[in-house]
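Q: Right, I'll just put the structure down here and ask away after.
The values are calculated or read from the model by the stated rules, or taken from the named source; none is laboratory data. Everything numeric in this text was worked out from a predicted model, so none of it was measured. Reconstructed Cβ throughout: ideal geometry from the backbone, glycine too, with neighbour counts over all protein chains shown.
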Amino acid sequence: MGFVLSVLYFVTYYLTPATLFGPFAAFHIELILAVLVTSVSLLPLTRSFVLKTPQSLALIGMAIAVVMSVIIGKQWPGGALQAFLGFIPNAFGYFLVCLHCNSTKKLKILVLVLVLVCLFVIARGSIEEIHGFSESALLQPGFAGNPYVLVMRNDAGESFYRLRGLGEINDPNDFGQLIVCVIPLLFMFWRVKNASLNVVRVILPVSALLVGVYLTHSRGALVALLAVVVVAARRRIGTLPSLVVAGGLLLGAMALNFTGGREISAEAGSDRTALWGESLQLLKSHPLFGVGLGSLPDYLGHTAHNSVAVCAAELGLFGLYFWCMFLFPTARDVLAIASPARVSEGQPIVLEGERYPQEARTVEEVDKAEVNRLGRLMVLSLTGFLAAGWFLSRAFVMTFFLLGGMAEVVFEMAFRREVIAPRMGLLRVLPRAGVLAVSLIFLLYILLRTVHLTS
């Protein structure tokens, strides 16, 4: 029951209650669903590993940062509850995945659901694009298109269509980011020496998702997709050849008008880098708790289009620290399960602090290659999210927390079957999260200085 309700919760998040429940959405079905899934999660929570992960503490810290940013940064105590209720449904995704998607089969079902969500939006948007818009509609002031299609103008002033979803993915860039994250996960269904089945279960859906990325005309999604290609290819052909392949794909994408007639260059992105710089200035003036969750447009006129810059400016160093405290152990554990050197064949693991090896215990046989394969796919998915997130303000979306939960589920399955060493302890995570936070701010600063010197 918990797994079914969790999946329904995720689908409702991405497709919106109005799409799923129609007129019944007026009864706040999503709140009823949240109460139900919470009630069935309380008992599993007492037996789960999730509270032992550093990410759980990080989410609590982020929730506190969200509240404090509004109370202190915005000086609006009455808005703290609203900000908290806006953050919690996203963070809740991490706990639901860890609690209820605790097997390979359930992870695959979750991936399949995400694929179907993307295909649904692609189909609806494609139908709207086929019907098109009249010239008179395009000339109307403020006309933005239909729910699944956004009408914009490119660098030449020409109108073009961009595919988008609803709710939290109602921006083409956000929807493109979701698709890029889902594409690597689809290869969980790949089976060696089964070409016909692979075509149906992997090749065709991936092709449809790539069409969806194209229809978003998202430059950030294109960069993220190329980053995934580089990381995936470098293991087989090396770093330099993979960069060459990515460069060729970029030229091909530009020839096919992937970006809708908008350039990818430092000059074309100067408006975004200017927003990054202004965000750092806000961080200097509001260093501890930031200017308040969602308040960046009030200062800059726009969001910063960079997840690190937005997190730092809106939640301050306090919020950025806990965001990095979620990211660091997630990335560390994903890299661990992806590494053949760090995943054993099932010998007993000596836990930290133990003086003598444990006696061998009877456990379910684990395929080391499968653990590594799942780990590599998670690495690619997380790479896509972070690469796109460098150009988007999506620090607190559910997709991030879903990927974190999926990574910890795979790690926990490997750990319980004694094929991998334990997670990094909290006392070791705490200082490393601080180093990561400072490093990200420093990286952002160096990039801004580089762009300034070369412009």
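Q: So, of the residues in segment 276-297 that are under 25 Å from the mean Cα position of the chain (by Cα) and not hydrophobic (A, V, I, L, M, F, W, C), which turns out to be surrounded by the most Cβ atoms within 10 Å (Cβ to Cβ)?
A: G290
Q: Among (1) surrounded by 12 or more Cβ atoms within 10 Å (Cβ to Cβ); (2) modelled with pLDDT under 90, there is one condition G238 misses while meeting the rest; what is its number?
A: So the condition that G238 fails would be (1).
Residue by residue, here is whether (1) crowded, with 21+ Cβ neighbours inside 10 Å; (2) not β-branched (V, I, T); (3) not in a helix (DSSP H, G or I) holds:
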{"position": "V371", "(1), (2), (3)": "yes, no, no"}
{"position": "L382", "(1), (2), (3)": "yes, yes, no"}
{"position": "V429", "(1), (2), (3)": "yes, no, no"}
{"position": "L436", "(1), (2), (3)": "no, yes, no"}
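Q: Filtering segment 298-315 down to residues that are modelled with pLDDT under 90 and among the aliphatic types (A, V, I, L, M), which residue is nearest to the chain's Cα centre (by Cα)?
A: The initial filter retains those residues of segment 298-315 that are modelled with pLDDT under 90, namely 298-305.
Next, from what is left, pick out any that are among the aliphatic types (A, V, I, L, M): 300, 304.
Numbers: L300: 25, A304: 17 Å.
Ranking the candidates gives A304 first.
Q: Answer yes if at least one residue in segment 138-153 is small (G, A, S) and modelled with pLDDT of 90 or more, and no otherwise. Let's see the steps before the verdict.
A: Applying the first criterion (small (G, A, S)) to segment 138-153 yields 142, 144-145.
Applying the additional criterion that residues be modelled with pLDDT of 90 or more yields none.
No: segment 138-153 contains no residue that is small (G, A, S) and modelled with pLDDT of 90 or more.
Q: Which of the residues spanning segment 221-248 are within 23 Å of the chain's Cα centre (by Cα) and of a type in the set (G, A, S)?
A: Within segment 221-248, A221, A224, A227, A232, A233, A246 meet the criteria.
Q: Working only within segment 316-336, note down all residues that are over 19 Å from the mean Cα position of the chain (by Cα) and crowded, with 24+ Cβ neighbours inside 10 Å. Can you show your working first?
A: Initial filter on segment 316-336 (over 19 Å from the mean Cα position of the chain (by Cα)): 316-318, 336.
Scanning segment 316-336 gives a single hit, G316.
Q: While we're on this one: Considering only segment 1-20, state which residues are without any contact (Cβ under 8 Å) to a residue 60 or more places away in the chain and touching a Ser or Thr at 6+ places or on another chain (Cβ under 8 Å).
A: L20
Q: Hey, among the residues in segment 420-455 that are in contact (Cβ under 8 Å) with a residue 40 or more places away in the chain and among the β-branched types (V, I, T), which one's nearest to L392 (Cα to Cα)?
A: I441
Q: Could you tell me which of the residues E267, E263 is out of contact with any Lys or Arg (no Cβ under 7 Å at 6 or more places or on another chain), surrounded by fewer than 12 Cβ atoms within 10 Å (Cβ to Cβ) and at pLDDT below 90?
A: Details: E263 fails: surrounded by fewer than 12 Cβ atoms within 10 Å (Cβ to Cβ).
When all the criteria are applied, what remains is E267.
Q: Enumerate the pairs (first residue in segment 233-261 and among the β-branched types (V, I, T); second residue anywhere and assigned to a helix (DSSP H, G or I) and surrounded by fewer than 16 Cβ atoms within 10 Å (Cβ to Cβ)) with beta-carbon separation below 6 Å, excluding pairs fewer than 6 apart on the same chain, so at least 6 apart or on different chains.
A: Sorted first by the residue in segment 233-261, then by its partner, the list stays empty.
Q: Hey, any hits in segment 154-168 for a residue that's at pLDDT 85 or above, of a type in the set (A, V, I, L, M), under 20 Å from A224 (Cβ atoms) and in the same structural domain as L114 (by TED's automatic domain parsing)?
A: Among the residues of segment 154-168, at least one is at pLDDT 85 or above, of a type in the set (A, V, I, L, M), under 20 Å from A224 (Cβ atoms) and in the same structural domain as L114 (by TED's automatic domain parsing), which makes the answer yes.
Q: Take L392 and tell me if it is at pLDDT 95 or above and either within 21 Å of the chain's Cα centre (by Cα) or under 16 Å from M62 (Cβ atoms) (or both).
A: Values: at pLDDT 95 or above: no; either within 21 Å of the chain's Cα centre (by Cα) or under 16 Å from M62 (Cβ atoms) (or both): yes.
It is false that L392 is at pLDDT 95 or above and either within 21 Å of the chain's Cα centre (by Cα) or under 16 Å from M62 (Cβ atoms) (or both).
Q: Pick out the one residue from F84, F24 that is out of contact with any Leu (no Cβ under 8 Å at 6 or more places or on another chain), of a type in the set (A, V, I, L, M, F, W, C) and under 30 Å from P297 (Cα atoms). Walk me through it before giving the result.
A: Values: F24 fails: under 30 Å from P297 (Cα atoms).
Only one candidate qualifies: F84.
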